[in-house]
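The values are calculated or read from the model by the stated rules, or taken from the named source; none is laboratory data. What you see is a predicted model, and the numbers here were worked out from it, not measured in a lab. So basically every Cβ, Gly included, is an ideal-geometry build from the backbone, and we count neighbours across all protein chains shown. All accessible areas refer to the heavy atoms of the entire protein, side chains included, with ligands and DNA or RNA removed. Shrake-Rupley method; radii C 1.70, N 1.55, O 1.52, S 1.80 Å.
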Amino acid sequence: MESDLFDYEHASSGAASFYPAQCSSLKKGGYVIIKNRPCKVVELSTSAPGKHGHAKVNYVGLDIFTRRKYMQFAPSNSMIQVPNVKKGNAQVYLIFVMNYADVLVTQTFLL
């Protein structure tokens, strides 16, 4: 009966995969979501505010998985999504034919 109340197959920790940030806070080398893809910012330019509007930010990012280039314009005061990127070291252990790989994650334990 309890198993009917909870969906254990799709549980998560509750942590978000991205967080909101103001567009003007972007920096070169940072990360941003462009067209639903996590990208590393490689170019960034800000235009001066115009007669009837706000300053605009033009940023170009490389997809961190496919290295494809994406570009986007946004007002400098708008909110954007920034992915939570956690870097680590791993060793490829085995590569399967069906585009899967086994990796060994090397972790450091401090005593």
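Which pairs have Cβ atoms under 6 Å, sit 6 or more apart or on different chains, and link a residue in the stretch 40-62 that is closer than 25 Å to N84 by Cα to one that is surrounded by 12 or more Cβ atoms within 10 Å (Cβ to Cβ) and among the acidic types (D, E)?
These pairs meet every condition: V60/E43.
Considering (1) open to solvent by less than 70 Å² (accessible area, probe 1.4 Å); (2) in a loop (DSSP other than H, G, I, E, B); (3) modelled with pLDDT of 90 or more, say which one V85 fails and leave the rest.
V85 satisfies all of (1) open to solvent by less than 70 Å² (accessible area, probe 1.4 Å); (2) in a loop (DSSP other than H, G, I, E, B); (3) modelled with pLDDT of 90 or more except (3).
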